[in-house]
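Presented below is the structure to which this report refers.
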Amino acid sequence: MQYLQQRQDVLRAAQTIARTKMVVGTWGNVSVRVPDKPYLLITPSGMKYDTMTIEDIVMVDWSGTTVEGIWKPSVETPTHVRIYQQRSDVNAIVHVHSPYLTAFAVAGLPVPVILEETAQVIGHEIKTAPYAICGTARLADNVVQTLGSGVAVLMANHGMVGVGRNIEEALRVCYIAEETARIALLAQSLGQVRALDPAEIEKLHRGFAAYGQTKE
Ligand SMILES: [Zn+2]
């Protein structure tokens, strides 16, 4: 079996989102790009995360055909493939159904850039891709279009997709996005949500990208 490190990355991220309740049951999915081929490694469809092993991770080509693995790949494979095709900078994708982000996706409202960590890690408001049924090419197109050159996108009435240069980045995008959505909702209940100034967002984002962190 090849790509052990990549398989481990997918498994660890999938188990992390399950353990931290970013998904319920077997929902959500995780993938990474295979470094030297037009393939990706993705979680299988409908399998429990706690008993999943690296052998269960499915390798598929960019047409969605299984190259290695005995299980059916995630139903959202077309969306993952389209993102990798459009974004050569993306090597990992995490898709979650976490409650606060999904609330924004149901409301069809963007998650505003309200926290320094939102500016640093995400750097843009998180917009909602128009609804289409899961697993369809239409949903894949909507997600890729709305994502643009960003790192996070909501799927209407569904959840969120976070992307990164590696699995840690994609996971971090999901957690910061969920925390941002939670705080935005709390602030809204206090009467107002004030987004950061675009120039400050840009500055914070560039600083974080350059150093990986900012000084306290
Ligand atoms: Zn989903």
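No lab work stands behind these numbers, since they all come straight from the coordinates. Predicted model, so just to flag it, every value in this text is computed and none were measured. Don't worry about glycine lacking a Cβ; one is built from the backbone with ideal geometry, like all the others, and counts go over all protein chains shown.
In the stretch 4-211, the inverse of the mean reciprocal separation of distinct Cα atoms equals 17.0 Å; this is its Kirkwood hydrodynamic radius. With a simple spin-label model that places each label point 7 Å from the Cα along the Cα-to-Cβ direction, the separation between Trp62 and Ala199 comes to 4.2 nm. This model, with +1 at the C-beta of Lys and Arg and -1 at the C-beta of Asp and Glu, gives the stretch 1-121 a dipole about its Cα centre of some 180 debye. Entry note, the chain: the mean residue ellipticity at 222 nm calculated from DSSP H runs of n ≥ 4, each adding -39500 (n - 2.57), is -12500 deg cm²/dmol after division by the residues and rounding to the nearest 500. Taking every DSSP beta bridge that has both ends in the chain, the antiparallel portion is near 90%.
If one takes the longest principal axis of the Cα atoms in the chain, at what angle in degrees, from 0 to 90 and to the nearest 10, does the Cα axis of helix 4-19 lie? So the helix axis and the longest Cα principal axis differ by about 50 degrees. Share of pairwise Cα-Cα distances greater than 22 Å in the stretch 125-216 is 37 percent (whole percent). In a simple Cβ point-charge model (Lys, Arg +1; Asp, Glu -1; nothing else charged), the stretch 4-211 has a dipole of about 240 debye relative to its Cα centre. With a Förster radius of 41 Å applied to the C-beta separation of Asn166 and Ile70, the computed FRET efficiency comes to 0.95. Counting 0.36 nm for each residue step from Val106 to Gln15 and taking away their Cα separation leaves a gain of 30.2 nm. With Cα atoms defining each centre, the stretch 14-47 and the stretch 176-195 are spaced 28 Å apart in the structure. Model label sites at Gln2 and Ile133, defined 7 Å from Cα along the beta-carbon direction, differ in position by 3.5 nm. The angle between the Cα long axis of helix 198-211 and the main principal axis of the chain comes to about 50°, on a 0 to 90 degree scale.
Applying both filters, DSSP loop and at most 10 other Cβ atoms within 10 Å, to the trypsin sites (Lys or Arg not before Pro) of the stretch 160-216 gives Arg194, Lys215.
To the nearest ten degrees, helix 137-147 and the longest principal axis of the Cα atoms of the chain are 40 degrees apart.
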